[in-house]
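The structure appears below as structure tokens.
The values are calculated or read from the model by the stated rules, or taken from the named source; none is laboratory data. The structure presented is a predicted model; accordingly, all values stated were derived computationally and were not measured. Here the Cβ is made from the backbone with ideal geometry for all residues, glycine too, and neighbour counts use every protein chain on show. Just the protein is used for accessible areas: all its heavy atoms, side chains included, with ligands, DNA and RNA removed. Shrake-Rupley method; radii C 1.70, N 1.55, O 1.52, S 1.80 Å.
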Amino acid sequence: MPDPIGKARPLPQFGVLPEYRGLGLGRLLRRAAMHWGSANGADHQLLQATASDASDRLCQAEGLAGLGFVCTMTV
């Protein structure tokens, strides 16, 4: 899928149920998504994580840098 400036980007979405966390499954899924994107011409990937949750800790452990945060509210 193209991003706003026309560059290719994959949009994989995945999660690991709490009872299966800590087994390295999220890391394997993220790395597989990165590999798939690279093999299919993606220029970059955008990862979204909730601050201080399992997905954020995974991103930090993988050496990824945060670009900031957005607050949302259900109305």
When region 17-33 is checked residue by residue, the ones that are in a helix (DSSP H, G or I) and open to solvent by less than 80 Å² (accessible area, probe 1.4 Å) are Leu25, Gly26, Leu29, Arg30, Ala32, Ala33
For region 34-75, the count of residues that are closer than 14 Å to Gln13 by Cα, open to solvent by 60 Å² or more (accessible area, probe 1.4 Å) and either part of a helix (DSSP H, G or I) or in contact (Cβ under 8 Å) with a residue 24 or more places away in the chain (or both) equals 3
